[in-house]
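Beneath this line is the structure, given in structure tokens, with notes to follow.
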Amino acid sequence: MAERRITCHNCPTFDREDNRCRCGKTNPKKKHVAMTIAELLGPEALCLHSPHREPLLLRMHAPRKRFAWDGHVPASPYAPVDVEILDD
């Protein structure tokens with residue numbers, strides 16, 4: 001069964017009174033919005049719970065490498081993620 005994505009309103013760092021993240025992060029719903037934010041503000045502006053963050057970071061740091069990504073987002077942002085880089 002697929003894990004549910006943590007939305008901003010379910011995140012403990014979300015301030016409901018100000019309707020924004022206390023850490024100053026953003027969690028866009030669309031991949032192209034996440035790419036634009038990472039290009040303009042840097043990848044540190046993306047939330048750790050964003051499903052687009054990890055593949056985007058891999059593409060930014062290893063643009064010529066191919067990699068296998070299973071799309072699994074760990075429940076904890078500090079949990080290790082297995083990424084296999086495929087050499088040609």
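Just checking, does the stretch 38-50 include any residue being polar (S, T, N, Q), surrounded by 12 or more Cβ atoms within 10 Å (Cβ to Cβ) and either assigned to a strand (DSSP E or B) or modelled with pLDDT under 85 (or both)? Checked the stretch 38-50: at least one residue is polar (S, T, N, Q), surrounded by 12 or more Cβ atoms within 10 Å (Cβ to Cβ) and either assigned to a strand (DSSP E or B) or modelled with pLDDT under 85 (or both).
From the list 71, 24, exactly one residue is modelled with pLDDT of 65 or more and part of a loop (DSSP other than H, G, I, E, B). Which is it? Walk me through it before giving the result.
On the way: 71 fails: modelled with pLDDT of 65 or more.
Of the residues listed, the single one that is modelled with pLDDT of 65 or more and part of a loop (DSSP other than H, G, I, E, B) is 24.
Quick check, is residue 32 assigned to a helix (DSSP H, G or I) and either out of contact with any helix residue (DSSP H, G or I) (no Cβ under 7 Å at 6 or more places or on another chain) or of a type in the set (Phe, Trp, Tyr) (or both)?
Against the criterion (assigned to a helix (DSSP H, G or I) and either out of contact with any helix residue (DSSP H, G or I) (no Cβ under 7 Å at 6 or more places or on another chain) or of a type in the set (Phe, Trp, Tyr) (or both)), residue 32 qualifies.
The values are calculated or read from the model by the stated rules, or taken from the named source; none is laboratory data. Since this is a predicted model, take the numbers as computed values, not measurements. So basically every Cβ, Gly included, is an ideal-geometry build from the backbone, and we count neighbours across all protein chains shown.
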